Amino acid sequence: MIAEPLSSPGLPPLLKWAGGKRWLIKHLEPYWNKHRERPFVEPFVGGMGVTLGLRPKTALLNDANPHLINFYRWVQQGLHIEIPLVYDRTTYLAYRARFNQLIRQGRADTAEAAALFYYLNRTGYNGLCRFNASGEFNVPFGKYKTVNYQTNFLEYKAVFRGWTFTSGDFSSLDIDPEAFVYADPPYDVEFTQYSPGGFSWSDQVRLVEFLERHRGPVVISNQLTDRIYDLYTKSGYTVITLSAPRRISCNGNRQDALEVLAFKNI
């Protein structure tokens with residue numbers, strides 16, 4: 001049984017992100033409140049909806065997507081965007097070309113790259129973050145009535161102060177043995193190309209094996225599939241199912257999907 005959800009002021013995510021988990025905060029908060037003094041770890045931070053909602057004092061936030069982490073690091077340093085942020089196809093294509101040029105030049109870790117990444121995310125189709133085999137961003141122009149942009153992120157800079165951002169495979173993380181880990185890997189579905197390399201079934205298994213060694217609280221979320229359910233339950237997790245809103249769908253389907261939350265050492 002899940003405890004009665006608590007309210008959390010939090011800050012809204014800065015980016016549009018497929019599979020965003022802000023809706024999960026009310027379900028996670030009762031568990032997190034029991035462990036609030038622990039360090040918080042997200043191996044797949046994505047759009048950061050959960051971390052911003054729970055607001056841990058210290059956090060280790062990782063993602064395989066280096067462009068995403070570069071953006072967060074620059075926000076942490078006080079990013080102020082000076083390029084014009086306009087909802088316009090020609091501007092979008094020009095900025096996308098410039099962003100990919102920076103990737104080719106080895107300058108994807110710059111403030112300019114962070115600003116362009118933010119614009120492309122807010123303006124691109126359905127908020128997708130997709131890269132081709134060459135590692136270049138290839139999301140087409142989005143169709144919106146209007147797009148809201150920010151140019152400074154000072155309130156986020158203050159919140160990010162105690163957080164560490166890293167980019168790499170989750171297995172490379174040096175996690176405090178007492179930390180509260182919330183893992184939200186890419187769904188067990190066909191499309192997992194949020195970063196070059198994707199996320200396969202063997203990666204799903206590898207994640208569970210990696211977290212087997214962690215003695216602190218662990219929560220994993222994923223889309224409900226038979227093999228995901230079997231994987232988590234056979235690994236000793238308590239599993240519950242939830243109805244999850246679909247925020248991004250290429251075919252226009254906005255029906256709720258079934259999600260699992262798996263708990264261990266809670």
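Looking for whichever is in the same structural domain as Arg96 (by TED's automatic domain parsing), in contact with a Pro (Cβ under 9 Å, 6 or more places away or on another chain), modelled with pLDDT of 95 or more and crowded, with 18+ Cβ neighbours inside 10 Å here; the options are Gly124, Gly142, Gly216. Which one fits? None of the others qualify; the one that does is Gly124.
Here's the yes/no breakdown for (1) modelled with pLDDT under 95; (2) surrounded by fewer than 19 Cβ atoms within 10 Å (Cβ to Cβ); (3) charged (D, E, K, R); (4) within 16 Å of Gly124 (Cβ to Cβ):
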site	(1), (2), (3), (4)
Leu6	yes, yes, no, no
Pro39	no, no, no, no
Gly46	no, no, no, yes
Tyr92	no, no, no, yes
Arg96	no, no, yes, yes
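Screening Ala113, Ala179 for residues that are more than 30 Å from Asn33 (Cα to Cα) and among the small types (Gly, Ala, Ser) leaves exactly one candidate, Ala113. Among the numbered conditions (1) in a helix (DSSP H, G or I); (2) modelled with pLDDT of 95 or more; (3) touching a Gly at 6+ places or on another chain (Cβ under 9 Å), the only one that Ser202 does not meet is (3). The residues on offer are Tyr149, Tyr119, Tyr187, and the sole one that is outside any loop (DSSP other than H, G, I, E, B) and either small (Gly, Ala, Ser) or in contact (Cβ under 8 Å) with a residue 12 or more places away in the chain (or both) is Tyr119. Output yes when any residue across the range 156-174 is over 18 Å from Thr58 (Cβ atoms), within 18 Å of the chain's Cα centre (by Cα) and without any contact (Cβ under 8 Å) to a residue 24 or more places away in the chain, and no when none is. Within the range 156-174, one or more residues are over 18 Å from Thr58 (Cβ atoms), within 18 Å of the chain's Cα centre (by Cα) and without any contact (Cβ under 8 Å) to a residue 24 or more places away in the chain. The residues in the range 223-240 that are part of a helix (DSSP H, G or I) and either in contact with a strand residue (DSSP E or B) (Cβ under 7 Å, 6 or more places away or on another chain) or in contact (Cβ under 8 Å) with a residue 24 or more places away in the chain (or both) can be counted, and the count is 6.
Looking across the range 179-199 at every residue that is more than 17 Å from Asp226 (Cα to Cα) and modelled with pLDDT of 95 or more, the one that is nearest to the chain's Cα centre (by Cα) is identified as Asp184.
Taking the range 226-256 as the range and being modelled with pLDDT under 95 and surrounded by fewer than 16 Cβ atoms within 10 Å (Cβ to Cβ) as the test, the residues that pass are Ser243, Pro245, Arg246, Ile248, Ser249, Cys250, Asn251, Gly252, Asn253, Arg254, Gln255, Asp256. Scanning the range 39-97 for residues that are within 16 Å of the chain's Cα centre (by Cα) and at positive phi returns Gly46, Met48, Arg55. Out of Val159, Val181, one residue alone is among the β-branched types (Val, Ile, Thr), farther than 16 Å from Leu68 by Cβ, part of a strand (DSSP E or B) and outside the structural domain of Thr90 (by TED's automatic domain parsing). It is Val181.
The values are calculated or read from the model by the stated rules, or taken from the named source; none is laboratory data. This one's a predicted model, so the numbers in the text were calculated from it and none came from an experiment. FYI the Cβ positions are ideal-geometry reconstructions off the backbone, even for glycines, and counts take in every protein chain you see.
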